[in-house]
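See structure below.
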Amino acid sequence: MDKIRNEQIRGTVKVEQFGDKAREARLRWFGRVLRRNRGYIGQRMLEMELPGRRRRGRPQRRFMDVVKVDMEMVGVKVEEAVDRARWRQMIHCDFQLLQVTVRDALNQAMDEELERDERVFLLGEEVAQYDGAYKVSRGLWKKYGDKRIIDTPISEMGFAGIAVGAAMAGLRPICEFMTFNFSMQAIDQVINSAAKTCYMSAGLQAVPIVFRGPNGASAGVAAQHSQCFAAWYGHCPGLKVVSPWNSEDARGLLKSAIRDDNPVVVLENELMYGVAFEVSEQGLSKDFTIPIGKAKVERPGNHVTLVSHSRMVGHCLDAAAVLAKEGIECEVINLRTIRPLDVETIEASVVKTNHLITVEGGWPQFGVGAEICARIMEGPAFNYLDAPVIRVTGVDIPMPYAKILEDNSTPQIKDIIFSVKKTLNM
Amino acid sequence: YENLMTVLKNISIVFNLLLCTHPFKKCELHRLDQGPPTQALLTREQGLKYYRTMQTMRRMELKADQLYKQKIIRGFCHLYDGQEACAVGIEAGINPSDHLITAYRAHGYTYTRGVSVKEILAELTGRRGGVAKGKGGSMHMYAKHFYGGNGIVGAQVPLGAGLALACQYKGNNEVCVTLYGDGAANQGQIFESFNMAALWKLPCIFICENNKYGMGTSVERASASTDYFKRGDFIPGLKVDGMDVLTVREATKFAADYCRSGKGPILMELETYRYHGHSMSDPGVSYRTREEIQEVRSKSDPISMLKDRMISNNMASLEEIKEIDVEIRKEIEEAAQFATSDPEPPLEELCNHIFYNEPPMEVRGTNPWSKLKSIS
């Protein structure tokens, strides 16, 4: 049986939540009552106290009690009821934009692409009958069967090579690594067999393959399961490397990756799988793709530019919200693609804000932030910098296990805030 | 049977079509009840074709040797002379629509899979007329249904299993021939490929070209078990004399039929020998004796064996063979001439073909002001 969430059904037919609609009706009536002539019975009933002894137990909730809570929720005051049009506008509840988790976004993207093109298939450990180690491929095996969704034995080098060979013969495989830490066993196939082949053959042999899986730090999985590979894969020509943050990124980038005729590495994040985001109607369409190689300005600002990818984008937005209260407006850029890097977007932002901070979960040496620093220095934006570029990165150690140590091994919101204030000399 | 053969022989003389039946030694089998047939039919046309192909390959490799010593070819150059029967026999046993992938000793297979000698030599000399426009070199030549030419030892075996998976997926009754050497046979990824190929019954013919030496290490010093045809364990295997083109052909046909019938992968070990060292930088005599090389050359050379067989069965005359040799020599000379005179690839092409089917993009050069153009 299909598991479809309520939010999805409501979002598809564009219906509001019942409680919200009832609240709107209450407040609408309340406003009407207030606007009537003085002495209207409805108004007298609002404040009336019933005579006689109160019954035992908790006092019954009266209309005013409920309406007070409603008004607080919506954010209106009694005085505002006088203006009918404005009152109506403020209490109106819109249907909520569909909330989709990153996991479901990836699942839907793969489902739609499997349906669209017969040559697409998924292989990896536990992707079929187990529904995916992190449930990203839930339901796909039931729908498409053994031919399109293939469970492999634990042989990364072997099955990555098999996926590349299938791509060379014209199929469009999605090769899942349970985490990118295990891709190190197969990295020869990714780089030497997939990435370099189109160039070595002078365009005779294409390799339309997608390598995807969770990348970077998780929670309590310790050193061998927490490495970020953005810098390693981002180093190699012939590869495209993307790193989605939210659900829309995940959907659009994975679809673009599958439709691309070249090897693409999709670095997901395990901690983001369960996080839900609003996705616009456009973002839910079957042909929604995000171009590889374009960054997105998630939040405009004037004082400092924060550039990040994957989970850290969320941290940057949270830091920006805190700093906004102090009057510092941060411009937050979501890289979306690691290779090719969208330097133009970063440069345009630096020209505006004059301060740049890069935020990443990976290690500092030879990392994504290091590359951004070098590119900014080599480009026109250098002359617009009022301070050196700052890199906020993971601590330069293998990931420890104990919670307090792990928490202090990757950038926290306070680190970003601290760096912003430092660079702005505050 | 005798009468039939006499009648046929008489008819064939009239129609200038000579047949010969050829008995060869039985193949050693692993997990197989029956092996390939012990007799093969060779028509004159086939014989001449195999001879011509093998001789062309031989002369091509010797020309490459010459060019390398003149420093016109540089880098890696792994020569195939001595092993011609393998490439020609395999090609005769499969269809052009089947797939083939091998490692770096690939010039022979590049030729049998349809690339001209001219394009091969020009690729070795790094000129724009090369099959990969000079971008690939000795180890990275590609053609239709030929996937190289792979430099990383053993990496081509999972790729071959993947090609077989694609054949199975598309249901087109094609097979994939995946070649590797005795040195690569100890790579872990090969056993991973065996496991998955057997599990999913992929139509993959794994072929181990055992030329007795992995670079400078003999098979006894490298492998705990030198029965490479048995190393597939649960995969049936056969050991074949790789110096006899007909034996290789019949064994390949047998293997291809096995795979096409959906029984899964099969493993073939070809016993063969390379005259040159591992590559041009290896003289090839520090780990084996000159006597050994000489003995193989005189007793088991694939081209001589085929020539002798054809002449002794009156399928061709010595003059005919000599004529073919002269033609081939001329062809190789012309190709070498092209390969040495063709210009090198233009610098504008430096950054092309990084991606397939991609709009033009900019690539960083050696310094920040150098912005190079890349089209696909």
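The values are calculated or read from the model by the stated rules, or taken from the named source; none is laboratory data. The model shown is predicted, which means the values in this text are computed figures rather than measured ones. Because the Cβ atoms are built from the backbone with ideal geometry, glycine has one as well, and the counts that use them run over all protein chains shown.
From the residues in segment B:170-193 that are touching a strand residue (DSSP E or B) at 6+ places or on another chain (Cβ under 7 Å) and more than 18 Å from residue B:252 (Cβ to Cβ), which one is nearest to the other protein chains (Cβ to nearest Cβ)?
B:190
Looking at (1) of a type in the set (A, V, I, L, M, F, W, C); (2) out of contact with any Asp or Glu (no Cβ under 7 Å at 6 or more places or on another chain); (3) within 14 Å of another protein chain (Cβ to nearest Cβ), which one does residue A:217 not meet, given that it meets all the others?
(3)
Does segment B:329-336 contain any residue that is surrounded by 15 or more Cβ atoms within 10 Å (Cβ to Cβ), over 23 Å from the mean Cα position of the chain (by Cα) and over 24 Å from residue B:44 (Cα atoms)?
Among the residues of segment B:329-336, not one is surrounded by 15 or more Cβ atoms within 10 Å (Cβ to Cβ), over 23 Å from the mean Cα position of the chain (by Cα) and over 24 Å from residue B:44 (Cα atoms), which makes the answer no.
Please verify whether residue B:193 is in contact with a helix residue (DSSP H, G or I) (Cβ under 9 Å, 6 or more places away or on another chain), among the polar types (S, T, N, Q) and within 22 Å of residue A:186 (Cα to Cα), treating the condition exactly as stated.
Judged against the criteria, residue B:193 is a match.
Collect the residues in segment B:111-131 that are more than 12 Å from every other protein chain (Cβ to nearest Cβ) and in contact with a strand residue (DSSP E or B) (Cβ under 6 Å, 6 or more places away or on another chain), keeping them in residue-number order.
Across segment B:111-131, the qualifying residues are B:113, B:114.
Any idea which residue in segment A:13-62 is modelled with the lowest pLDDT, counting only those that are among the aromatic types (Phe, Trp, Tyr) and under 18 Å from residue A:78 (Cβ atoms)? Write out each step before concluding.
In the first step, residues of segment A:13-62 are kept if they are among the aromatic types (Phe, Trp, Tyr); the result is A:18, A:29-30, A:40.
Still in the running and under 18 Å from residue A:78 (Cβ atoms): A:29-30, A:40.
Numbers: A:29: 90, A:30: 89, A:40: 84.
Filtering first and then ranking leaves A:40.
If we keep just the residues of segment B:195-213 that are within 9 Å of chain A (Cβ to nearest Cβ) and not small (Gly, Ala, Ser), which is nearest to the chain's Cα centre (by Cα)?
Result: B:202.
I'm trying to understand the selection: among the residues of segment A:165-203, which are free of Cβ contacts under 8 Å to residues at least 60 places away in the same chain, surrounded by 22 or more Cβ atoms within 10 Å (Cβ to Cβ) and of a type outside the set (Gly, Ala, Ser)?
A:168, A:171, A:173, A:175, A:176, A:177, A:189, A:197, A:199, A:200
Being at pLDDT 95 or above and over 17 Å from the mean Cα position of the chain (by Cα) narrows it down to one of B:154, B:162, B:114, so name that one.
Result of the check over B:154, B:162, B:114: B:162.
Which ranges mark the helices (runs of 4 or more DSSP H) fully within segment A:358-423 that have 2 or more residues being closer than 19 Å to residue A:224 by Cβ, at pLDDT 95 or above and out of contact with any strand residue (DSSP E or B) (no Cβ under 6 Å at 6 or more places or on another chain)?
Per the criteria, A:403-407.
Those residues that are under 22 Å from residue B:126 (Cα atoms) and not in a helix (DSSP H, G or I), I need them from segment B:57-100; list them, please.
B:70, B:71, B:72, B:73, B:74, B:75, B:76, B:77, B:78, B:79, B:80, B:81
Checking the condition touching a Lys or Arg at 6+ places or on another chain (Cβ under 7 Å) and within 14 Å of another protein chain (Cβ to nearest Cβ), which residue from B:348, B:358, B:269, B:362 passes?
Just a single option satisfies the conditions, and that option is B:362.
Output yes when any residue across segment B:362-371 is of a type outside the set (S, T, N, Q), touching a helix residue (DSSP H, G or I) at 6+ places or on another chain (Cβ under 8 Å) and crowded, with 18+ Cβ neighbours inside 10 Å, and no when none is. I'd like the intermediate steps shown before the answer.
Step one: list which residues in segment B:362-371 are of a type outside the set (S, T, N, Q), which gives B:362-365, B:368-369, B:371.
Those left that are additionally touching a helix residue (DSSP H, G or I) at 6+ places or on another chain (Cβ under 8 Å): B:368.
Going one step further and asking which of them are crowded, with 18+ Cβ neighbours inside 10 Å, we end up with none.
There is no residue in segment B:362-371 that is of a type outside the set (S, T, N, Q), touching a helix residue (DSSP H, G or I) at 6+ places or on another chain (Cβ under 8 Å) and crowded, with 18+ Cβ neighbours inside 10 Å.
Does at least one position in segment A:189-204 carry a residue that is more than 10 Å from every other protein chain (Cβ to nearest Cβ) and basic (Lys, Arg)?
no
For segment A:354-410, which residues satisfy the criterion of being free of Cβ contacts under 8 Å to residues at least 12 places away in the same chain and β-branched (Val, Ile, Thr)?
Of everything in segment A:354-410, just one residue is free of Cβ contacts under 8 Å to residues at least 12 places away in the same chain and β-branched (Val, Ile, Thr), namely A:404.
Working only within segment B:230-258, note down all residues that are of a type in the set (Asp, Glu) and outside any strand (DSSP E or B).
As a first pass, look at segment B:230-258 and keep what is of a type in the set (Asp, Glu): B:233, B:241, B:244, B:250, B:257.
Matches in segment B:230-258: B:233, B:244, B:250, B:257.
Of the residues that sit in segment B:285-328 and are β-branched (Val, Ile, Thr) and closer than 18 Å to residue B:59 by Cβ, which one is surrounded by the fewest Cβ atoms within 10 Å (Cβ to Cβ)?
Checked segment B:285-328; the qualifying residue surrounded by the fewest Cβ atoms within 10 Å (Cβ to Cβ) is B:326.
So residue B:253 passes all but one of these: (1) within 23 Å of residue B:40 (Cα to Cα); (2) modelled with pLDDT under 95. Which condition number does it fail?
(2)
State the number of residues belonging to segment A:251-274 that are touching a strand residue (DSSP E or B) at 6+ places or on another chain (Cβ under 6 Å), part of a helix (DSSP H, G or I) and not aliphatic (A, V, I, L, M).
Summing the residues that are touching a strand residue (DSSP E or B) at 6+ places or on another chain (Cβ under 6 Å), part of a helix (DSSP H, G or I) and not aliphatic (A, V, I, L, M) in segment A:251-274 gives 1.
So is residue B:91 crowded, with 24+ Cβ neighbours inside 10 Å and either touching a Lys or Arg at 6+ places or on another chain (Cβ under 7 Å) or farther than 29 Å from residue B:341 by Cα (or both) or not?
yes
Is it the case that some residue within segment A:138-158 is touching a residue at least 40 places away in the same chain (Cβ under 8 Å), away from chain B (no Cβ under 12 Å) and more than 18 Å from residue A:267 (Cβ to Cβ)?
Checking segment A:138-158: at least one residue is touching a residue at least 40 places away in the same chain (Cβ under 8 Å), away from chain B (no Cβ under 12 Å) and more than 18 Å from residue A:267 (Cβ to Cβ).
Look through B:75, B:108, B:82, B:93 and report the one residue that is of a type outside the set (S, T, N, Q) and either in contact with a strand residue (DSSP E or B) (Cβ under 6 Å, 6 or more places away or on another chain) or within 14 Å of chain A (Cβ to nearest Cβ) (or both).
Exactly one residue qualifies, and that residue is B:75.
Would you mention how many residues in segment A:312-357 are of a type in the set (Gly, Ala, Ser) and outside any helix (DSSP H, G or I)?
Counting residues in segment A:312-357 that are of a type in the set (Gly, Ala, Ser) and outside any helix (DSSP H, G or I) gives 1.
Considering only segment A:159-172, state which residues are more than 7 Å from chain B (Cβ to nearest Cβ) and more than 16 Å from residue A:188 (Cβ to Cβ).
Of everything in segment A:159-172, just one residue is more than 7 Å from chain B (Cβ to nearest Cβ) and more than 16 Å from residue A:188 (Cβ to Cβ), namely A:172.
In this structure, does residue A:211 turn out to be among the aromatic types (Phe, Trp, Tyr), more than 14 Å from every other protein chain (Cβ to nearest Cβ) and either surrounded by 22 or more Cβ atoms within 10 Å (Cβ to Cβ) or under 20 Å from residue A:171 (Cα atoms) (or both)?
No: the conditions fail for residue A:211.
Could you check, for segment A:275-297, whether at least one of its residues is of a type in the set (Val, Ile, Thr), crowded, with 22+ Cβ neighbours inside 10 Å and part of a strand (DSSP E or B)?
Yes: segment A:275-297 contains one or more residues that are of a type in the set (Val, Ile, Thr), crowded, with 22+ Cβ neighbours inside 10 Å and part of a strand (DSSP E or B).
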